[in-house]
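Undergrad: Here it is, the structure in full.
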Amino acid sequence: MGKFKRTYEEINEKIARKEAVIMTAEEVIALKEEQGIEEATKMVDVVTTGTFGPMCSSGAFINLGHSDPLIRMQKVWLNDVMAYAGLAAVDIYLGATQLSESERSDYGGGHVIEEFIRGKEIRLKAVSSGTDCYPAREVEAIISKETVNQAFMVNPRNTYQNYNVAVNQSAKTIYTYMGILLPELGNASFSTSGQLSPLINDPDLRTIGIGTRIFIGGTEGYVIWEGTQYSPKAMPVLEKDMVARMGASLALIGDLKKMNPDFIQAAYISGYGVTLYVGIGIPIPILDEDIMRTASIRNEEIYTEILDYSCPHPDKPSLGWVNYAELRSGQIDIKGKKIPTSSISSYAKARTIAHTLKEWIEKGEYFLQEPIEFFPSQRELHRLKTTRVY
């Protein structure tokens with residue numbers, strides 16, 4: 001590491017004066033290659049990142065407001081999608097992947113969330129056993145983001161650091177959260193935004209922790225905890241002098257009422273179910289040369305593992321490693337066979353997020369927040385010890 005150091009306070013002072021130099025994770029690559037690490041570090045204050053892909057572990061808390069007479073909601077449906085009501089009288093949590101209980105199998109919580117953000121009216125039904133202080137047993141109403149008290153997105157697991165490539169070696173087509181996988185290695189599906197991906201550009205989470213201010217769904221939000229299944233690890237890439245960083249994730253929060261449907265979109269994945277595309281951007285302060293080195297990483301230097309999804313078990317067979325330049329070229333080589341590739345995330349939208357965040361900072365509308373606590377460098381994951389599986 002070089003001697004050059006920079007602090008959050010220094011960066012925020014430059015942002016306030018509109019003098020900070022901000023570059024996206026794409027833009028800074030050329031600067032580093034032209035000027036070198038040392039000079040690039042001195043020149044750039046912040047690097048912005050972005051990702052836009054399906055993030056199933058997402059949802060929203062909503063306070064619906066009290067009815068007259070009062071009700072303690074025990075079961076709640078929004079547009080026939082069940083929300084969790086085991087909180088307080090009229091607080092609920094709506095999960096993105098919860099499916100409609102009507103005949104519409106391609107509609108779920110993610111669609112309700114997107115429609116809410118768009119300002120559409122949502123049908124509410126709630127039932128209760130009734131109590132002396134909450135006597136009502138059933139209510140129906142029309143709600144919207146204008147009528148509810150609070151609505152904030154709380155996502156337990158987003159911005160997965162570096163997801164694997166999915167393929168199918170079996171003789172039949174399979175339907176997965178990575179999309180449709182054709183038999184006998186007919187295609188390969190990937191998701192991570194590579195050189196724009198937030199947790200690849202800060203692989204050790206030196207600048208990301210509890211309290212980090214982020215872009216989420218078109219508005220400001222925060223990192224509130226490590227994401228569920230958080231298990232960062234550095235994995236050696238076979239036959240290459242490279243290491244793949246994988247396994248970190250973040251729990252995030254943001255104001256649902258302020259979000260933009262350009263950056264929160266529901267989707268139905270055939271044969272799997274409903275999910276929610278979430279747009280997230282994280283600014284990386286360039287505090288020293290080591291951070292510049294990782295924040296300017298290229299797709300050619302970022303590797304991920306190819307796994308066979310026809311295996312229904314947690315430990316799927318590995319078919320080797322591939323970098324994101326190869327993935328984005330449109331085809332990769334597996335066992336001597338050219339396999340077409342496709343991404344279920346949007347690189348173009350990730351680029352838009354990184355540029356939008358850059359513009360906010362340049363205008364002096366967005367300041368960096370130093371984490372109040374950092375995450376552990378390692379975390380062991382446990383598996384469910386089942387007594388019976390059907």
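The values are calculated or read from the model by the stated rules, or taken from the named source; none is laboratory data. Since this is a predicted model, take the numbers as computed values, not measurements. FYI the Cβ positions are ideal-geometry reconstructions off the backbone, even for glycines, and counts take in every protein chain you see.
Undergrad: Taking strands (runs of 3 or more DSSP E) that do not extend beyond the stretch 1-89, which have at least 1 residues that are at pLDDT 95 or above and over 27 Å from Ser191 (Cα atoms)?
TA: 59-63, 75-78, 81-83
Undergrad: Could you please let me know if Val81 is assigned by TED's automatic domain parsing to the domain that holds Arg351 and within 30 Å of Asp262 (Cβ to Cβ)?
TA: no
Undergrad: Among what's in the stretch 131-184 and is part of a loop (DSSP other than H, G, I, E, B) and among the small types (Gly, Ala, Ser), pick the residue that is farthest from Glu305 (Cα to Cα).
TA: Ala136
Undergrad: Which residues, counting only those in the stretch 105-127, are part of a loop (DSSP other than H, G, I, E, B) and in contact with a Pro (Cβ under 8 Å, 6 or more places away or on another chain)?
TA: Answer for the stretch 105-127, where residues must be part of a loop (DSSP other than H, G, I, E, B) and in contact with a Pro (Cβ under 8 Å, 6 or more places away or on another chain): just Arg118.
Undergrad: Here's a follow-up. Out of the residues in the stretch 335-359 that are outside any strand (DSSP E or B) and without any contact (Cβ under 8 Å) to a residue 24 or more places away in the chain, state the one that is nearest to the chain's Cα centre (by Cα).
TA: Ala348
Undergrad: So if I check each of Ser189, Ser102, Ser197, which one is under 26 Å from Ala348 (Cβ atoms), over 15 Å from the mean Cα position of the chain (by Cα) and of a type in the set (Gly, Ala, Ser)?
TA: Only one candidate passes the filter, namely Ser189.
Undergrad: Does any residue in the stretch 371-389 that is closer than 9 Å to Ser231 by Cα come within less than 7 Å, Cβ to Cβ, of a residue that is aromatic (Phe, Trp, Tyr) six or more places away or on a different chain, and which pairs are these?
TA: From the stretch 371-389, the pairs are Arg379/Tyr230.
Undergrad: Then there is this: Does Lys363 meet the test of being more than 20 Å from Pro203 (Cα to Cα) and surrounded by 17 or more Cβ atoms within 10 Å (Cβ to Cβ)?
TA: It is false that Lys363 is more than 20 Å from Pro203 (Cα to Cα) and surrounded by 17 or more Cβ atoms within 10 Å (Cβ to Cβ).
Undergrad: Name the single residue that is surrounded by the most Cβ atoms within 10 Å (Cβ to Cβ) among those in the stretch 307-334 being part of a loop (DSSP other than H, G, I, E, B) and charged (D, E, K, R).
TA: So the residue we want is Lys316.
Undergrad: If you don't mind, there's one more thing I want to ask. What tally of residues in the stretch 1-32 results from selecting those that are surrounded by fewer than 21 Cβ atoms within 10 Å (Cβ to Cβ), closer than 19 Å to Asp202 by Cα and in contact (Cβ under 8 Å) with a residue 60 or more places away in the chain?
TA: 9
Undergrad: Only one residue in Ile122, Ile113 is surrounded by 14 or more Cβ atoms within 10 Å (Cβ to Cβ) and out of contact with any Ser or Thr (no Cβ under 7 Å at 6 or more places or on another chain), so which one is that?
TA: Ile113
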